[in-house]
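Since the structure comes first, as structure tokens, the remarks are kept for the end.
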Amino acid sequence: KKRFNIALLPGDGIGPEVISVAKNVLQQAGSLEGLEFDFQEMPVGGAALDLVGVPLPEESFKAAKESDAILLGAIGGYKWDNNEKHLRPEMALFYLRRDLKVFANLRPASVLPQLVDASTLKREVAEGVDMMIVRELTGGIYFGEPRGIKINENGEEVGFNTEFYAAHEIDRIARVAFETARKRRGKLCSVDKANVLDASILWRKRVTALASEYPDVELSHMYVDNAAMQLIRDPKQFDTIVTNNIFGDILSDEASMITGSIGMLPSASLGVSGPGLFEPIHGSAPDIAGQDKANPLATILSAAMLLKYGLGEEKAAKRIEDAVLDTLNKGFRTGDIYSPGNKLVGCKEMGAEVLKSVDSKVAAT
Ligand code: NAD
Ligand code: IPM
Ligand code: MN
């Protein structure tokens, strides 16, 4: 039997609800492939602030850093929204991403045939969409210096941030994107704002320079405003998208809606070595927290990405993906992806159904 240490970071709001469901699915799919997991659950975000007064306690970071892979729920909530910056729950995410050096954030967005009707786009526009957004995660305006709020020479308060990219940061994310595109349909679209931003001019130059090393990949460039429009006009034109930290954040939320719901999209954050960080792209959804309404599929699919990209256990990952499709085929839907004729269920019941499908698939083979 293979054993793995998994750090579970449930976080806040719907985080604990979706993590408890995804943990069971991960455990079951793994055990059917002879994998055993030692789970270590640690507080992060608001939960950690309430317990010990900091968003990312040292012990939580240590458990994450020393694990084989990390599954995170979501972080944040109204309660801490007026905290000073360094005491905001979201700081836990930035510390984790930065200190684990997980610079490559893979955010797949595909329209499942079962959910075409949940998309807000017309069937013929949404059907068949299958893209991968490669978001740079440890640089750009999120981390650039200088930043802050200060009093200027006129005595007025000014807030400022810096979009900053070093050549090596662009090169390494571009390489991940070229490799990703190569394994998909061989099309890579780099999204920037090179008509305005210097950091984007360098971005486009570096990405273009790398293209000769990947002659099998067809590279194109697009300005981010156009990309936001094209995603809604004709999302099928995209295969792999590579973009900076903030554009990737925004475009992936936009892409999620094409697929039916933000409650469907998983992500993997990877570095060169060390554990990967796996989390749904959605937040803590304080508006529905504690009501058993959250869609756990984004987190369950993040557990599948953990198996595939984090542990190299593709068979176990496939079990989870198949079980999700099976559950959708049976008509089970949480509120966010519900359409008439289906069976409306809560977070727990959705999880129980996926678990059943993980099991029944085995019985069938
Ligand atoms: P959000 O993603 O939490 O919610 C946006 C909307 O989508 C809400 O109406 C919510 O109910 C819905 N939604 C989100 N996930 C869902 C799910 N699984 N099932 C059904 N509906 C779902 O974004 P927000 O409201 O802008 O942010 C709320 C808090 O979450 C903030 O504190 C924010 O900073 C934080 N946040 C954290 C992460 C993260 O931990 N990675 C990501 C985004 C936002
Ligand atoms: C995400 C989130 C975070 C981000 C927030 C909560 C800091 O929106 O993971 O997409 O902007 O990266
Ligand atoms: Mn986001």
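The values are calculated or read from the model by the stated rules, or taken from the named source; none is laboratory data. Please read these numbers as outputs of a predicted model, since none were measured by experiment. Backbone-built Cβ (ideal geometry, glycine too); neighbour counts: all protein chains shown.
Observations on the structure shown:
- Residue list for the stretch 15-55, restricted to those being out of contact with any strand residue (DSSP E or B) (no Cβ under 9 Å at 6 or more places or on another chain) and not charged (D, E, K, R): Val21, Asn24, Val25, Gln28, Leu32, Leu49, Leu51, Val52, Gly53, Val54, Pro55
- Just one of the listed residues (Asp253, Asp287) is within 16 Å of ligand 2 (Cβ to nearest atom) and without any contact (Cβ under 8 Å) to a residue 24 or more places away in the chain, and it is Asp287.
- Those strands (runs of 3 or more DSSP E) of the stretch 166-255 in which 2 or more residues are under 20 Å from the mean Cα position of the chain (by Cα) occupy 187-192, 240-243.
- So Thr138, is it within 28 Å of Met257 (Cα to Cα) and outside any helix (DSSP H, G or I): yes
- Residue match in the stretch 62-75 (condition: within 16 Å of ligand 3 (Cβ to nearest atom), on the phi > 0 side of the Ramachandran plot, part of a loop (DSSP other than H, G, I, E, B) and in contact with a Ser or Thr (Cβ under 8 Å, 6 or more places away or on another chain)): no
- Of everything in the stretch 277-288 that is crowded, with 22+ Cβ neighbours inside 10 Å and of a type in the set (Gly, Ala, Ser), the residue that is nearest to Leu96 (Cα to Cα) is Ser284.
- Filter result for the condition that a residue is within 14 Å of Gly15 (Cβ to Cβ), touching a helix residue (DSSP H, G or I) at 6+ places or on another chain (Cβ under 6 Å) and at pLDDT 95 or above, over Ala285, Ala298: Ala298
Condition check ((1) in contact with a strand residue (DSSP E or B) (Cβ under 6 Å, 6 or more places away or on another chain); (2) over 30 Å from Glu59 (Cα atoms); (3) within 16 Å of ligand 3 (Cβ to nearest atom)) across all residues:
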{"residue": "Tyr95", "(1), (2), (3)": "no, no, no"}
{"residue": "Arg107", "(1), (2), (3)": "yes, no, yes"}
{"residue": "Met131", "(1), (2), (3)": "yes, yes, no"}
{"residue": "Glu179", "(1), (2), (3)": "no, yes, no"}
{"residue": "Val191", "(1), (2), (3)": "yes, yes, yes"}
{"residue": "Val196", "(1), (2), (3)": "no, yes, no"}
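- So Ala69, is it touching a Pro at 6+ places or on another chain (Cβ under 6 Å), over 22 Å from Ala289 (Cβ atoms) and in contact (Cβ under 8 Å) with a residue 40 or more places away in the chain: yes
- Residue selected from the stretch 82-93 under the condition part of a loop (DSSP other than H, G, I, E, B) and within 16 Å of ligand 3 (Cβ to nearest atom), by the criterion nearest to Phe278 (Cα to Cα): Glu90
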